[in-house]
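Please treat every number below as a calculation from the coordinates, not as lab data. These figures come from a predicted structure and were not determined experimentally. Note: ideal-geometry Cβ built from the backbone for every residue, glycine included; neighbour counts use all protein chains shown.
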Amino acid sequence: MAHPTIFERVKTSLAASAGDIVFGMEDGTVSIFGLVLGVAATTNDNMTVLVAGASGACAAAVSMMAGTYLEIETEVDEARTFSARLASEIAQRPDAVVARIGDRLRAAGLAETQTALVTDLIRSKPGVLQGVAYAMTAPATPQTMQSPLAHALWMLIADFVSAAIPIVPFALMPVSEARWVSTAITMLLLICLGVGRARVGRRPLARTVMETVSIGVAAALAGVGIGLVIAHALGG
C-alpha cells in the first residue's frame, strides 16, 4: 500500500482544518483591522502603526493557536474517556445500554418491531453493541483524527497571514493614504471570507457575507472611536 505524499498529507490536513482556517482568518482580519485603524486615526507616524499592528497580530495569532490546540485536545480527551466508560458499562450492564439504544431508536420514529430486531441483534454481538452505542450516545467529537497540533498550526498561519493584510499598506505609503487602502483591501478580504464561511457552514451566501463585512466595519468603528476618545482625553 503506497504511503501518501507530503503534498497529499498537507492537502488532507488543509481540508480537515478548513473551518479553523476561515475562522482564524476572520478573527485576525477583524481584530487587527480595528487596531491599526484606531492607531492610524490618532497619528501620522507609520512606525507607530506598524509596531502596534505587528505586535497585536503576533499576540493574537499565538493566542488563537493555543486556544485551538487546547479545544481540540479537550475534545479528544472527552471522546477517549467516554469510550472507556461505555466499554466498562457494556461489560457490566449490557442490557441497560441496549435499552438506551432502543429508546433512541423509538424517539427517532422506528417502529417497535424494527427496534426489537435491532436491539436483539446488537445484544447478541458485543462488538456491534460497542460501535452502535458509541455512535448513538457519544457527545460531540472532533470531525477528524487530525492531531490538535495540526489544527493549531493552521489556525496560527491563517490568523497571522490575514492579520498582516490590514498592516501592509502602512509599510508602503503614508498613513493618510494607507488608511483608505487598508480599508479597501480588508473589505475585499472580508467579502472573500464571508463566501468561505458560507461554503464551509452551508449558510446563505448574501447573509453570511453581510454579517462578515458588518463585523469588520464594527471593529473598525470601535477601534477608531476608542483611539479618538483616548487621544482627546490625553490632549493628543
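Observations
- Summing +1 for each Lys or Arg and -1 for each Asp or Glu among the other residues whose beta-carbon sits under 12 angstrom from that of Ile90 gives +3.
- Placing unit charges on the Cβ atoms of the charged side chains and taking the dipole of the chain about its Cα centre, the candidate lying farthest along the positive direction among Val195, Gln130, Gly102 is Gly102.
- Rounded tilt (10° steps) of 205-233 against the dominant C-alpha axis of the chain: 50
- Size of electric dipole in the chain: Cβ of Lys, Arg +1 and of Asp, Glu -1, about Cα centre, debye, nearest 20: 580
- Acute angle (nearest 10 degrees) that the helix 46-92 long axis makes with the longest principal axis of the chain, alpha-carbon atoms: 10
- Label corresponding to Rg/Rh (Cα atoms, Kirkwood Rh) when calculated from the structure given, among [x] 1.18; [y] 1.01; [z] 1.06: [x]
- Using alpha-carbon coordinates, inclination of helix 94-107 to the longest axis of the chain, degrees: 60
- The helix-only estimate of mean residue ellipticity at 222 nm for the chain, built from DSSP H runs of length n ≥ 4 each weighted as -39500 (n - 2.57), is -29000 deg cm²/dmol after division by the residue total.
- Leading residue at positive end of dipole, the chain (Cβ point charges), from Thr113, Ile215, Asn46: Thr113
- For the options Thr115, Thr208, Thr29, a Gaussian network treatment of the chain with springs between C-alpha atoms closer than 10 Å singles out Thr115 as fluctuating the most.
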